[in-house]
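One structure below.
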Amino acid sequence: MMHCPFCKSPAHTRSSRYLSEKVKQGYYQCTNIVCSASFRAMTAVDKIIQSPALADLSDDEFIVCESGKIKKQRFH
Ligand SMILES: [Zn+2]
């Protein structure tokens with residue numbers, strides 16, 4: 001969710017696509033019916049706070065299965 005650059009009301013994502021693994025481009029529409037502006041914005045990963053765990057758990061069937069579920073949920 002972003003704020004409208006004109007009236008500062010919340011704007012909803014209408015559609016989005018990944019330009020790369022770290023950059024997402026989205027189309028937004030203002031929820032303020034009087035304004036109704038639509039615009040495009042970019043979201044980018046610009047800093048990694050915590051890298052993934054280094055432990056190799058790729059031979060653990062349960063963990064591999066669970067991490068697959070998490071990845072699917074994040075791409076909604
Ligand atoms: Zn607006």
K8 on the phi > 0 side of the Ramachandran plot and either in a loop (DSSP other than H, G, I, E, B) or among the charged types (D, E, K, R) (or both): yes
Test result for R14, surrounded by fewer than 11 Cβ atoms within 10 Å (Cβ to Cβ) and either more than 9 Å from the ligand (Cβ to nearest atom) or modelled with pLDDT under 85 (or both): no
Residue list for the stretch 14-59, filter: charged (D, E, K, R) and not in a strand (DSSP E or B): E21, K22, D46, K47, D56, D59
Close pairs from the stretch 22-40: first at positive phi, partner assigned to a strand (DSSP E or B) and more than 8 Å from the ligand (Cβ to nearest atom), Cβ under 8 Å, at least 6 apart: S36/Q29
Test result for S38, modelled with pLDDT of 85 or more and within 16 Å of the ligand (Cβ to nearest atom): yes
Members of the stretch 46-69 found to be open to solvent by less than 80 Å² (accessible area, probe 1.4 Å) and at pLDDT 85 or above, listed by number: S51
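The values are calculated or read from the model by the stated rules, or taken from the named source; none is laboratory data. Just so it is clear, the model here is predicted, and its values are computed rather than measured. Every residue, glycine among them, receives a Cβ derived from its backbone with ideal geometry; neighbour counts consider all protein chains shown. The accessibility values were calculated without ligands, DNA or RNA, using every heavy atom of the protein model including side chains. Shrake-Rupley method; radii C 1.70, N 1.55, O 1.52, S 1.80 Å.
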